[in-house]
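Working notes, structure below.
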Amino acid sequence: MYALLMIVVISLLARGGLLLFKKRNLLDKPGNDLKNTRKPVPTLQGVFVYLITFVVLAMFYPDFFSSSLIQGFLAGGSLIVVVELFAELEYMGKLQRKIPPRLRFVVHMGAARLALRMSGISDYEFILFEQVFILPNRLLYVAFSFRAVFVINAVNWIDGIYSQGNGILTIGFFTIFALIQWVVLRHYTEFTNLETLLLVKQLALMLAAISLVYTVIEYKPLGLIRDVGTMFLAFGLAYLSVVGWTKIGTIIVALSLVIFDAIWVIWYRVRILKKSPMKGDYTHIHHRLLGLGWSRSEVRAFVWIFSLVMMVLMLMQGANRLHKLIIFSMMALLFFGVNTYLFLHKKVPCGLKEKKE
């Protein structure tokens, strides 16, 4: 009931954002890109994703604002929202000055570093092959900054079909909630950070609810959150997967399709296309599947169902790290093997031919 009430509140606030931007005529301009022919819809709804996060926190979890973990998330997320808002306004023709991609990258890195510094986490422990390792602060900040930027771009890159990215974010946040609720709290009895664990669990549930509501909104679409909302939520996913508990690292397996695709695209652009990995094109997994004749609905269903299946498999393994590693390795071999066979050996077109604007 608590989660349902939160979804109702988020839905009402989101509807208010749609109506406000529609009244102000802040609409997108559908082009001939990969968009279906349709009427313009309220854009930049990511602004309301950001604002709704504050409102829902104030309504349901007011005590969270005093937590250094929440302060770190909001501070880092705010930097990302600001720079992406300026980039989107320039894209819409509201600003004349272009935001350089390098500046966005630097801000994203800085946001991750700021968030982790404010969180108060130090000497981060992680487990690898049953051995406990401690990552010093300096290395932790660098590792997390690159991880955050990777997750932000991986989710943003897969958001080429309406609501596909939001659906992935919903699964990701729910995976964090489920891992804590049904794996960590059930299989372990001693905690040095139980308060943090419970906070992360509730915040993950809240962000899952926000992502779910906007998955529905973008499905038709009724509105678009653009990079402002997608990157803010993706940053939250990267942040919670680190600050909550070392076992949350298994979210990598649950969202392996997104991660594998990002790795493939970066490799393909650099090695085959001989260009910068940050230069956009139509070689992402949804483009490759569309090029093979799949419909948008089929692609979206495949990405979501695959991620859901991986999430369930991870939960079924409980605390068994070896089984999770085996599943992850097998899926990696399958993914890269199929892509190599189709697009390198059989020379099937890797994506679509449309030019990226």
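FYI, it's all coordinate maths here, none of it is from the lab. For clarity, every value in this text was computed on a predicted model and none was experimentally measured. No Cβ is skipped: glycine too gets one built from the backbone with ideal geometry, and neighbour counts run over all protein chains shown.
Which of Lys22, Lys324 comes first, and how do the rest follow, when ranked by fewest Cβ neighbours within 10 Å?
Ordered by Cβ neighbours within 10 Å, fewest first: Lys22, Lys324.
Mind checking which of Gly236, Pro30, Ala178 is farthest towards the positive end of the chain's charge dipole, using Cβ charges of +1 (Lys, Arg) and -1 (Asp, Glu) about the Cα centre?
Of the options given, the answer is Pro30.
Could you state the per residue volume, in Å³, of the convex hull enclosing the Cα atoms of the range 46-185?
150
Which trypsin sites (Lys or Arg not before Pro) from the range 58-100 combine a DSSP loop assignment with at most 10 other Cβ atoms within 10 Å?
Those satisfying the criteria are Arg97.
Rounded to two decimals, what ratio of Rg to Rh does the range 2-345 give with C-alpha atoms and a Kirkwood Rh?
Answer for the range 2-345: 0.95.
In µm²/s, what is D for the range 1-79 at 20 °C and 1.002 mPa s, where D = kT/(6 pi eta Rh) by Stokes-Einstein and Rh is the Kirkwood radius from Cα pairs?
Using the Kirkwood radius from Cα pairs, D works out to 146 µm²/s.
Translational D (Stokes-Einstein, µm²/s) of the range 227-357 at 37 °C and 0.692 mPa s when Rh comes from the Kirkwood sum over C-alpha pairs?
Taking Rh from Cα pairs, D becomes 201 µm²/s.
Hey, what number do you get for the chain at 222 nm if only DSSP H runs of n ≥ 4 count, each worth -39500 (n - 2.57), divided across all residues, to the nearest 500?
-21000 deg cm²/dmol
Given DSSP loops and a limit of at most 14 other Cβ atoms within 10 Å, what is the longest stretch of the chain that contains no such chymotrypsin sites (Phe, Trp or Tyr not before Pro)?
192-357
Going down the list Lys94/Lys275; Lys279/Lys347; Lys29/Lys346; Lys22/Lys98; Lys220/Lys353, which pairs span over 28 Å between their C-alpha atoms?
Flagged as over cut-off: Lys94/Lys275; Lys29/Lys346.
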